[in-house]
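Undergrad: Dumping the structure here so I can ask a few things about it.
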Amino acid sequence: MAAVTPLLLLLLLSSAPSFSSGSRNAYNINGRVKIPQGLGLGTKGYALPGRMSNVKVLLNGGQNITFLRPDGYFSFHNIPAGTHLIEVSAIGYFFSPVRVDVSARNPGKVQAALTENRKGLSELVLEPLREEQYYEIREPFSIMSLLKSPMGLMVGFMLAVAFLMPKLVENMDPEEMRRAQEEMRSQGVPSLSSLLPGGAMN
Amino acid sequence: MAIRSFLILFILFFFSSLNPILSLYEDQVGLVDWHQQYLGKVKQAVFHTHKTGRKRVVVSTEENVVALLDLRQGEIFWRHVLGSNDVIDGIDIALGKYVITLSSGGSILRAWNLPDGQMVWESSLRGPKHSKSLLLVPTNLKIEKDNIVIIFSNGRLNAVSCIDGEVLWEKDFEGESLEVQQVIQPPGSNLIYVVGFASSSLFEMYQINALNGELLKHESAAFSGGFLGEVSPVFSETVVALDSTGLILLTVSFQNGMISFQQTPISNLVKDSFGPAKIIPSSVTGIFAIKMNAVTIVIRVTDENKLEVVEKTNHETSISDALPVSEGQQAFALVQRAGPEIHLRVKLAHNWDDNLLKESVKMDQHRGLVHKIYINNYIRTDKSYGFRALIVMEDHSLLLLQQGEIVWSREDGLASIIDVTTSELPVERDGVSVAKVEHNLFEWLKGHMLKLKGTLMLASPQDIAAIQSMRLKNSEKSKMTRDHNGFRKLLIVLTRAGKLFALHTGDGHIVWSYLLQSLQKSKVCQHPIGLNLYKWQVPHHHAMDENPSVLVIGKCGPSSDAPGALSFVDTYTGKELSSLSLVHSVAQVIPLPYTDSTEQRLHLLIDADKHAHLYPKTPEAISIFERELSNIYWYSVEDDNGIIKGHALRGKCTGEVADEVCFDTRELWSIVFPSESEKIIATVTRKLNEVVHTQAKVIADQEVMYKYISRNLLFVATVALKGSGEIGSVTPEESWLVAYLIDTVTGRILHRVTHHGSQGPVHAVFSENWVVYHYFNLKAHRYEMSVIEIYDQSRADNKDVWKLVLGKHNLTSPISLYSRPDVITKSQSYFFTHSVKTIAVTSTTKGITSKQLLIGTIGDQVLALDKRFLDPRRTVNPTQAEKEEGIIPLTDSLPIIPQSYVTHALRVEGLRGIITVPAKLESTTLVFAHGVDLFFTQLAPSRTYDSLTDDFNYALLLITIVALVAAISLTWTLSERKELQENWR
């Protein structure tokens, strides 16, 4: 992970003049989404600038949707007091939803916390918890992977039978081997050579 | 023993080497999936063609999309989908580099950077009251080098700086009953006129200095006849309005602050009257149009405010906005449909008699009428003006016309899909010719050699490109015949425009499209609405020669007692077989599990008066139906009253006109939820066509549990009345959510669970014997997903093998829902990070493959989540036996694994629904997600255990076999030689 430069950002939770004739006050929620440059190293080497334009910020499950300004700031207007949920949708990054309390009693006071890990935020700066890699990474070609494939195993098994088995046989006591051969002959077990065409001629 | 262990090792190796992918490699994108981007029906378009660079057009649509399109090919440069309650009121281009959008009833103004779509600024506009929203971007109005945007919304006039969105000045129009109709900015002046009506008979005019918002003049004049509808500006200081009867045209002039009315009865202009008229506003100087029933009349206003009819036509006519051409002249276009062609005329505003351009363009009948037209000019090589026209058709498609040709077209109707069903493709009948096979074999081998080179890393970059294009262009997948695995199908979709499309699952191309006449606006039916699609005829056993067909159900108008309309469409040819206008309404449609001898499925339509109507109306169908009369039950949900009712049939309709297919119904039971504490927010049942492989579930220690599988289970979620609003509007103490499982035959509540401190929205999915639902937990302030599994206890004693052998089990005893069910439920809840738009579950042909939940997240992605994560038997420390069974240790939240997003790095913007269809291959299911975008892919929830993957390398297999044969012959000759030598010894 690249170093994240600490950026002093402000969260303004300003009370705004009442919107309609309704008695409820309406507030604005302002914040910032920050995607640290260099976090994108795993994918493309750099975070594409165009990507910022595809980030959406959603309030309360899509009740309000807003977009980011070039500097990453966003704002929701005319929000009633209460506890709200802000989600950030950005392809390639995982953001935790944020719980934001908009208080009617003391406007300007903000309480925000990540719901995933219950971490409190002193200011509404949202950063991705991690990057999301949507594709499996193809492992580079290796002899092992070829050997591990069914075909490789078949060849390996055959080779083992063809070359290791005779070795095993060779290491046996010649006496014992002769006895085993006798036994096999008497039982009439066909040898490999007799199975093959031409083998029966012997 | 050693051999055995070796064998086990071998098998293990074998399986581990089979591709363990649930997810994709990046180079596999587009192999089985496709993604299509749409916009929706265009409601406004602004051209950007001033510079010599790219020719572009900005559009806003009814799906709340703002997008920049390439004018040459119609491709999307960028696109933003605004929220569903952030409806776009107007768009324009300012400073030549910003796209300005006004949305949310005129309260949000945004500027987007034209080349890349980055939002530049956003401002929130407020006002004293609700009103019409108008956006005006004057080109020549400057305050200190800053262009301004004039917005009238919510009863307030705002001037906003183009550069940073600051409000420069604002002016309220507080008048109690004032309804502002138009804001006019005469070109070349610093004045703004705001005109409107007050108390229905007063015409008000305000003259405002555009530079500082100062009110210069305010005049009002009464007109006893009152006003109706909209006004159309004809000159910068003259508007045209209609009186309240809609029979007299008023020319209102407010030159020099003096308001004067001039009345012209429409009957003076046209001889035969057609009833009340409606003004179609246009921005063309001196021209406006009125519409009376189906007749469109174009009227010219002369300099002395005299009205003159210039055209009267029965054809639906669309008029474009004014396009300034040289020397202060304006051009505009008129377009009409006549038979197979559309006629386009471009005229100068002050010269009606001559046409600048007159073209006829051949147009597909199934695009319907022309709804909108936008024109733009370009300078030809001979310095004369040429015109291009962007037209929006009745089926919501967008086309660019130039020089009498269709340059490009976009099927934007596909952005608003109402319902989806599938149909099989025809069976391949003709044998494949031998020559073709040989050619294919060679190609096939060549392809696999290339692939082998790829795996061995021997391929050059050209080879890699060739491999990739070969994989993507696999012609097999877009063939028009049925395939062995059942991957190729037709997706039949019904769009809001009343058009049916058949999309091929292979590559998503449109096979046919059909504009349903029954869902088009007509004299009888002013506001037709498409409702549902059903499979009407699925020939398989004894009707193989018939083509499959679908049933399209629509109704006339939004009210519940509006008469319905049916259409039957052949899915192979895309032709309408027949259509019916019903006399009764359609409140509910029940596809019955019975088919007649031609494989037509019986459907029961319930109308608003609770009568049931059977379709098809054949004697055969009636006789089948009467046999099953007592076995048909259904339920209805009345959300507003909080009542769920169960119904059954009583017999033929009595009293009314003798109708063979009409049946009376009776109410069996009803569940009334206390209206002061519970409100129904979600009801879900199992999919009708779902297949369950086995009722038994073997759990750890060889125990068996029996799933309670009933087609008649209904999941209902209710919330406290206070908690039915948005998140953040209630405290956890005053909100709760109750989930019910109800048997819809008897009305018995099988299970009830309360989640305190929780609220909606609830999204749920019901499959086999379980239901999974997603809701918001206010205490933790996180979303939660809960699972309820229901098991049948009455069969629990069947575990004994001896009982089974001796036949003392009750497995074959008939199940009646009237007998008291002995069920137990198991449930568990987990946290889930995201908001959810929709949930679906995978379905396979035989139901053997394990299930995955497909979760459409708020970010418009589709996440596949294994059902095993939502197993109520998960514990913190599963025993060894449970681990072997596949139980995952308990965690408090559900994992989000990025690789299991089935949409990978794509978004299905405006996601609305996910449909899963089983393929013929048991392991595979087809997934179709639709919203503004369409996305299709194949999924294998338990991996493709029954077929080789596409990645399987046949060349490697061949080489292995060759190598083995070579090795065998080599060792054989070696052993021969050895034997010979031994014999010589």
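Read the figures in this text as sums done on the coordinates, not as results from a lab. None of these values were measured; they are calculated from a predicted model. All Cβ positions, even for glycine, are placed from backbone atoms using ideal geometry, and neighbour counts span all protein chains on display.
Undergrad: What nm distance separates the two modelled labels at A:Ile137 and A:Glu170, each placed 7 Å from Cα along Cα→Cβ?
TA: Using points 7 Å along Cα→Cβ, the separation is 4.5 nm.
Undergrad: Run the reach check for B:Lys867 against lysines, Cα to Cα strictly under 24 Å, same-chain hits fewer than 8 apart removed. What comes back?
TA: B:Lys687, B:Lys697, B:Lys707, B:Lys826, B:Lys837, B:Lys846, B:Lys851, B:Lys883, B:Lys920
Undergrad: If you don't mind, there's one more thing I want to ask. In terms of Cα to Cα distance under 12 Å, which aspartates and glutamates are near enough to B:Lys499, apart from those fewer than 8 places away along the same chain?
TA: Straight-line reach from B:Lys499, under 12 Å: B:Glu394, B:Asp395, B:Glu411, B:Asp412, B:Asp419, B:Glu576.
Undergrad: Taking a ≥ b ≥ c as the square roots of the Cα gyration tensor eigenvalues, with a/c under 1.5 meaning rounded and otherwise prolate when a/b beats b/c, else oblate, which class fits chain B? Show your work: numbers first, answer last.
TA: On the way: a/c = 1.94, a/b = 1.54, b/c = 1.26.
In terms of gyration-tensor shape, prolate.
Undergrad: With just the Cα atoms defining each centre, how far is the stretch B:330-360 from the stretch B:462-523? Give it in Å.
TA: Here the two parts' Cα centres lie 36 Å apart.
Undergrad: Can you give me the distance in nm between label points at B:Gln468 and B:Ile961, each placed 7 Å from the Cα along the Cα-to-Cβ direction?
TA: So the label points at B:Gln468 and B:Ile961 sit 3.2 nm apart.
Undergrad: Using a 7 Å offset from Cα along Cα-Cβ at B:His540, what residues in the stretch B:825-866 end up with backbone N under 12 Å from the label point?
TA: Under cut-off, by backbone N: B:845-846.
Undergrad: If you don't mind, there's one more thing I want to ask. Take the alpha carbon atoms of the stretch B:136-185, find their center, do the same for the stretch B:105-135, and report the distance between the two centers in whole angstrom.
TA: 12
Undergrad: Compute the Cα gyration tensor for the stretch B:304-420, then decide on rounded, prolate or oblate, letting a ≥ b ≥ c be the square roots of its eigenvalues: rounded whenever a/c is under 1.5, prolate when a/b is larger than b/c in the other cases, and oblate in all that remain. Write down the numbers at each step before the final one.
TA: Numbers: a/c = 2.09, a/b = 1.49, b/c = 1.40.
Prolate.
Undergrad: May I ask you to sort B:Asp116, B:Asp596, B:Asp353 by Cβ crowding, counting other Cβ atoms within 10 Å and putting the fewest first?
TA: B:Asp353, B:Asp116, B:Asp596
Undergrad: Quick one: B:Arg627, B:Arg874, B:Arg410, fewest Cβ neighbours within 10 Å first, how do they rank? List each step's numbers first, then the result.
TA: Working: B:Arg627 10, B:Arg874 18, B:Arg410 22.
Placing the least packed residue first, the sequence is B:Arg627, B:Arg874, B:Arg410.
Undergrad: Would you mind giving the mean number of other chain beta-carbons within 10 Å of the Cβ of each residue in B:80-90, as a whole number?
TA: 3
Undergrad: Nearest 10 degrees, 0 to 90: what angle lies between the long axis of helix B:461-472 and the longest principal axis of chain B (Cα atoms)?
TA: Between helix and principal axis, roughly 90 degrees.
Undergrad: Can you give the FRET efficiency for A:Ser103 and B:Glu734, using 1/(1 + (r/R0)^6), R0 = 30 Å, r = Cβ-Cβ distance, to the nearest 0.05? Could the numbers behind the result be given before it?
TA: Values: r = 18 Å, r/R0 = 0.61.
Computed FRET efficiency for A:Ser103 and B:Glu734: 0.95.
Undergrad: Where does the protein assembly as shown land at 222 nm, in deg cm²/dmol rounded to the nearest 500, when only DSSP H runs of n ≥ 4 count, each adding -39500 (n - 2.57), divided by all residues? It would help to have the intermediate numbers written out before the result.
TA: Working: 13 runs with 147 residues, N = 1187.
Helices in the protein assembly as shown give a 222 nm mean residue ellipticity of -4000 deg cm²/dmol.
Undergrad: Using the beta-carbon distance between B:Asp382 and B:Lys291 and R0 = 35 Å, what value does 1/(1 + (r/R0)^6) give for FRET efficiency, to the nearest 0.05? If you can, show how the numbers build up before the last one.
TA: Numbers: r = 38 Å, r/R0 = 1.10.
Efficiency, rounded to the nearest 0.05: 0.35.
Undergrad: Specify the angular offset, from 0 to 90 degrees and rounded to the nearest 10, of the alpha carbon long axis of helix B:2-17 from the longest principal axis of the alpha carbons in chain B.
TA: Between helix and principal axis, roughly 10 degrees.
Undergrad: Per residue of B:962-969, how many C-beta atoms from partner chains lie within 10 Å of its own C-beta, taken as a mean? Mind showing how you got there, number by number?
TA: Details: counts 0, 5, 6, 0, 0, 5, 4, 1.
Mean number of neighbouring Cβ atoms from other chains: 3.
Undergrad: Continuing with this model, one more query. Which of the GluC sites (Glu not before Pro) found in the stretch B:244-324 are in a DSSP loop and have at most 14 neighbouring Cβ atoms, other than their own, within 10 Å?
TA: Numbers: sites: B:Glu304, B:Glu308, B:Glu311, B:Glu316; in loops: B:Glu304, B:Glu316.
Within the stretch B:244-324, the qualifying GluC sites (Glu not before Pro) (loop, at most 14 other Cβ atoms within 10 Å) are B:Glu304.
Undergrad: When a/c is below 1.5 the answer is rounded, else prolate if a/b is larger than b/c, else oblate, so apply that to the protein assembly as shown with a ≥ b ≥ c taken from the square roots of the Cα gyration tensor eigenvalues.
TA: prolate
Undergrad: Relative to the longest principal axis of the C-alpha atoms of chain B, give the angle of the C-alpha long axis of helix B:954-984, reported between 0 and 90° and rounded to the nearest 10°.
TA: Orientation of helix B:954-984: about 20 degrees from the principal axis.
Undergrad: Please go through the stretch B:152-209 and write out the GluC sites (Glu not before Pro) that DSSP classes as loop and that have at most 16 other C-beta atoms within 10 Å. Display every interim value, and only then the final one.
TA: Values: sites: B:Glu166, B:Glu170, B:Glu174, B:Glu176, B:Glu179, B:Glu204; in loops: B:Glu166, B:Glu174, B:Glu176.
Answer in residue order: B:Glu166, B:Glu174, B:Glu176.
Undergrad: Taking the stretch B:493-534, which trypsin sites (Lys or Arg not before Pro) meet the DSSP loop condition and have no more than 10 other C-beta atoms within 10 Å?
TA: Numbers: sites: B:Arg496, B:Lys499, B:Lys521, B:Lys523; in loops: B:Arg496, B:Lys521, B:Lys523.
Sites meeting the loop and neighbour criteria: B:Lys523.
Undergrad: Taking the simple approach of a point 7 Å from Cα along Cα-to-Cβ for both B:Glu979 and B:Lys652, what is their distance in nm?
TA: Here the answer is 8.9 nm between the modelled labels.
Undergrad: Enumerate the lysines that B:Lys358 could reach by cross-link, defined here as Cα to Cα under 24 Å, with residues fewer than 8 away along the same chain left out.
TA: B:Lys358 reaches B:Lys55, B:Lys291, B:Lys312, B:Lys347, B:Lys372, B:Lys383.
Undergrad: For the stretch A:121-187 and the stretch B:547-613, compute the distance between their C-alpha centroids and round to whole Å.
TA: With the stretch A:121-187 and the stretch B:547-613 each reduced to a Cα centre, they are spaced 60 Å.
Undergrad: Right, here's the next one. Could you work out the mean count of beta carbons from other protein chains within 10 Å of each residue's beta carbon in A:60-72?
TA: On the way: counts 7, 11, 7, 9, 6, 9, 7, 8, 3, 8, 5, 0, 0.
Partner Cβ neighbours, averaged per residue: 6.
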